[in-house]
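The block underneath contains the structure these notes are about, expressed in structure tokens.
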């Protein structure tokens with residue numbers, strides 16, 4: 001079984017570290033970017049199976065970054081991960097090309113289920 005490659009995009013270092021530690025302990029290969037501006041070049045370099053995309057970030061938000069990645073790779077699998085419960089945000093993320101949506105704070109099990117449901121075709 002091949003490891004599922006993940007790209008985690010979040011401007012909070014503690015979130016990146018927590019996700020990296022949690023996901024690597026479960027056998028995932030984890031890469032990260034600290035904002036939407038870094039997301040596309042990192043995506044092109046790593047070619048991840050699944051992207052975990054924060055929505056509110058400096059320089060470029062997650063919705064714009066999602067659109068950029070989808071423009072580059074229409075088959076990209078992106079899960080929007082956000083603490084912002086703004087009305088219509090989930091719809092906006094899906095319209096931008098996200099395949100899934102997870103609210104922070106999330107249960108690790110829920111995040112893993114979302115990742116595995118998208119990554120199973122790629123990683124196995």
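The values are calculated or read from the model by the stated rules, or taken from the named source; none is laboratory data. Predicted model, so just to flag it, every value in this text is computed and none were measured. Backbone-built Cβ (ideal geometry, glycine too); neighbour counts: all protein chains shown.
Annotations for the structure displayed:
- Qualifying residue in the stretch 3-19 (condition: surrounded by fewer than 18 Cβ atoms within 10 Å (Cβ to Cβ) and in contact with a helix residue (DSSP H, G or I) (Cβ under 7 Å, 6 or more places away or on another chain)): yes
- Checking every residue in the stretch 48-64 against the condition of being closer than 15 Å to residue 22 by Cβ, modelled with pLDDT under 95 and touching a strand residue (DSSP E or B) at 6+ places or on another chain (Cβ under 8 Å) gives zero matches.
- Qualifying residue in the stretch 23-37 (condition: in contact with a strand residue (DSSP E or B) (Cβ under 9 Å, 6 or more places away or on another chain), modelled with pLDDT of 95 or more and loosely packed, with under 14 Cβ neighbours inside 10 Å): yes
- Within the set 97, 119, the sole residue that is at positive phi and buried (at least 18 other Cβ atoms within 10 Å of the Cβ) turns out to be 97.
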